[in-house]
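Undergrad: Handing you this structure, nothing more for now.
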Amino acid sequence: MRATSDKVVERALLAVACTAVFCLLVIAAFIFKEGFPFLLKVGPGNFLFSSDWRPDSGHYGIFPMIVSSLWVTFGGLAIGAPLGIAGAIFLSEFGPPSAMRVVKPAIELLAGIPSVVFGFIGVMVLAPFIRRVAGGPGLSVLAAAIVLGVMILPTIMSISIDSLRSVPQSYREGALALGATRWQAVRMVVLKAARPGLLAGMILGMGRAIGETMAVIMVAGNAVKMPASALDSARTLTANIALEMGYATGMHRQALFATGIVLFVVIMILNGAATAALRRRGAAKR
Amino acid sequence: MRMNPPFPAPRRAIRAALLALACALALACGSCAGRGASVTMAGSTAFQPFAEKLADEYNASHPEGNVTVQGGGSAVGISAAINGAAQIGMADLVELPPDASVLTPFVVARDGIAVVVHPSNRIKDLPMARIREVYIGAIRNWKEFGGPDAPINVVSRESGSGTRSSFETILGRFDLSTSAIIQDSNGTVRETVANDANAIGYVSYGLVNEKIKAIRVDGQACTTELILAGKYVLVRPIYLLTLGEPTGAAKGFIDYVLGPSGQASIKADGLLPAK
C-alpha cells in the first residue's frame, strides 16, 4: 500500500518536473522555428553586426541593441551588486538583529513592486534629473542602468544574506581567535567562504536585468542607434521585441523572433560564463 | 537533452501528464467559446479611448449590445479584421496598406496630429519642411530656430504606429533620425515632451493638454476650425474596417457611430466628425 502511494507521488512529481523542461523546449523550438529561417535569409553577419534597423525598408541590423542590452545590464549590475552585497554584509555581520527584522521584509517588498512602477518613477523623477544635471535627453542608458540596479538589488541582497549566514559560525570564531578584527574576519574568511553564493546572486540579478522589458522601454528612450555615452538613448533587445511585436508582420515579425534567438543565446552565454566561473572557484577552493 | 532522474522515468507517467495537460487546455478553450453574439473591435490605440466610450454608450442604449474594445495598433486592427479575430478593425492611417483592400472601410472620424513642444519653448510656428528636417536629423539645435543653444530631443513613435506612419506620409516619406527617442503610445509621447524643455513630438489632437504646447504648422494652428476648413494639413482619417459588408451587431454599432449621437460624442471628446 505504502509502496503504491509512494510511486504515485513520485511519478506525479516527475511529471511536474518535466513540464518545466518541456516548456523551455517548446519555447526554444518555437522561437527558433520562427526566427531561424530569417537568420539564414538575411545572413547572421548582417543581422548581428549591422547598425541599420529600418524594418520598413528591409534593413535589419541589431548590433546597437546587443551592445545596449549589455550596457544596461552591466550598468545595472555595477550599481546593484555593490549595494546589495555591502548591505548584506552589514546586515548579516555587523548590524543588530533589529536591523535585519526591518530591512529584510523591506527588501522583499521592493522585489514585489511591479516593473512598470519602477519605470514610471524613472520617467517622472530620474530622467528629468539626469537631463538637468548631466544633459542629454534624460531617457538614457544611465537611467535604465539605475532603474535596473534598484530592481535587482533585492535579488542580490537576499541571496547574499543567505549565503553569508550559511558560513559556519566557527569560521568567524576561528578568525577572531587568531587576532583578526571583525572586518578582517569578514573580508578574509567569511566573504571567501560565501563567494559562490554571492556570485550566484549576481548571476540571478543579471538574468533579471537583461530580461527586463517594461521599465527599460519606459526609461531608455529606445532610439535605434549605438549609444555614444551613458547619457545617450538606447534600445535593448527586449525593448525592440516588445515595441514592435504588436505591429510586425512577415519579415519584420521573423526579425523580432530572430532578436529573441539572439537574446536567448546572449543569456545562455552570460549564464554559462558565470556558472563556469563559479565552478572554477569551487574547484580551486578544494 | 539528457536528464538523470533519481528514479527510473516511467514513460507512462509522462504520457499521462501530457494527456492531462491537453484535457485542461481543451476545457479552457471550450469555456471561452461559449459567449453570446458579441462584437469585438481591435486596433488603433489613438482611437481606442473614443471607441471604448462609444461602445459603452452603445451597450447602454442597446440592451442586446455587447461591443468590446481592444487596442493593439492599426496594423493589428487590419490583420484582426482580415483574419476574423475582430469583427471591426480600427485603423488611423492616411493610406491603408494594400492588404486592407479586402476590407470595407468606414471613415468615422478625423484626427489632427499636433506637433508639440514643452510649454516653456518660445517657438510658435514651424513650416512643414523644417519639421521634416528636424525629424530627419538635419536640424539638431533649437538655436537654428532662434531659440536657446540646446539640442532638439526628437520624440517619435515605434515603426508600425498609425500616428507615425500618417505623420511621415503627410510630411513626405523620410527615414527618421536614429537619435530619435521612441515612445510606444500617444500618452507616453506627451509625458516625454511635458518633462523635457528641449523635446519636440507629435500626438493625436485630442490628447493635447496644458502640459504641452501645440505649435502652428505652416502658420496654421491645430484647432477644430482650421482642421475642418482643411487648412491644417496634419490630419488623418480614422477607419472602422469590416470584412465584407457589416452585418448584425457590427452594422448596428457602425451605424450608431456614424449617426448623430455617435458623431456628437466623437466631437465632444476632441476628435473631428467624419463629415
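The values are calculated or read from the model by the stated rules, or taken from the named source; none is laboratory data. Note that the coordinates shown come from a computational prediction; the quantities given were computed from them, not determined experimentally. All Cβ positions, glycine included, derive from the backbone under ideal geometry; neighbour counts span all protein chains shown.
Undergrad: Does any residue in segment A:145-165 that is closer than 20 Å to residue A:238 by Cα come within less than 9 Å, Cβ to Cβ, of a residue that is outside any helix (DSSP H, G or I) six or more places away or on a different chain, and which pairs are these?
TA: From residues that are closer than 20 Å to residue A:238 by Cα, the pairs are A:145/A:230; A:147/A:212; A:148/A:212; A:151/A:113; A:151/A:212; A:152/A:212.
Undergrad: Of all residues in segment A:217-257, which are touching a residue at least 40 places away in the same chain (Cβ under 8 Å), in a helix (DSSP H, G or I) and at the interface with another protein chain (Cβ under 7 Å from one of its Cβ atoms)?
TA: A:217, A:244
Undergrad: Working only within segment B:136-153, note down all residues that are under 30 Å from residue B:92 (Cα atoms) and facing chain A (nearest Cβ under 9 Å).
TA: Within segment B:136-153, B:153 is the sole residue that qualifies.
Undergrad: Determine which member of the set A:120, A:90 is closer than 23 Å to residue A:172 by Cα, of a type in the set (Phe, Trp, Tyr) and surrounded by fewer than 22 Cβ atoms within 10 Å (Cβ to Cβ).
TA: A:90
Undergrad: Looking only at segment A:258-277, count how many residues are closer than 29 Å to residue A:193 by Cβ and in contact (Cβ under 8 Å) with a residue 12 or more places away in the chain.
TA: Number of matching residues: 6.
Undergrad: With respect to the numbered conditions (1) over 23 Å from residue A:158 (Cβ atoms); (2) in contact (Cβ under 8 Å) with a residue 24 or more places away in the chain, which one is the sole condition not fulfilled by residue A:280?
TA: Going through the list (1) over 23 Å from residue A:158 (Cβ atoms); (2) in contact (Cβ under 8 Å) with a residue 24 or more places away in the chain, residue A:280 breaks only (2).
Undergrad: Somewhere in segment A:13-31, is a residue more than 14 Å from chain B (Cβ to nearest Cβ) and within 24 Å of residue A:243 (Cβ to Cβ)?
TA: There is at least one residue in segment A:13-31 that is more than 14 Å from chain B (Cβ to nearest Cβ) and within 24 Å of residue A:243 (Cβ to Cβ).
Undergrad: Yes or no: residue A:69 more than 14 Å from chain B (Cβ to nearest Cβ), crowded, with 20+ Cβ neighbours inside 10 Å, modelled with pLDDT of 90 or more and within 30 Å of residue A:184 (Cβ to Cβ)?
TA: It is false that residue A:69 is more than 14 Å from chain B (Cβ to nearest Cβ), crowded, with 20+ Cβ neighbours inside 10 Å, modelled with pLDDT of 90 or more and within 30 Å of residue A:184 (Cβ to Cβ).
Undergrad: Further question on the same structure: Quick one: would you say residue A:138 is on the phi > 0 side of the Ramachandran plot, surrounded by 14 or more Cβ atoms within 10 Å (Cβ to Cβ) and of a type in the set (Gly, Ala, Ser)?
TA: When the stated conditions are applied, residue A:138 passes them.
Undergrad: Same structure, new question: Show me the helices (runs of 4 or more DSSP H) found entirely inside segment A:1-104 where at least 1 residues are within 20 Å of the chain's Cα centre (by Cα).
TA: Here the list reads A:2-42, A:63-89.
Undergrad: Can you tell me which residue in segment B:55-84 is farthest from the other protein chains (Cβ to nearest Cβ), limited to those that are under 16 Å from the mean Cα position of the chain (by Cα) and part of a helix (DSSP H, G or I)?
TA: B:81
Undergrad: Scan segment B:162-194 for residues that are at the interface with chain A (Cβ under 7 Å from one of its Cβ atoms) and in contact (Cβ under 8 Å) with a residue 40 or more places away in the chain and jot them down.
TA: Of everything in segment B:162-194, those that are at the interface with chain A (Cβ under 7 Å from one of its Cβ atoms) and in contact (Cβ under 8 Å) with a residue 40 or more places away in the chain turn out to be B:178, B:179, B:180.
Undergrad: For segment B:240-275, name all the residues that are in contact with a Phe, Trp or Tyr (Cβ under 8 Å, 6 or more places away or on another chain) and acidic (Asp, Glu).
TA: Within segment B:240-275, B:269 is the sole residue that qualifies.
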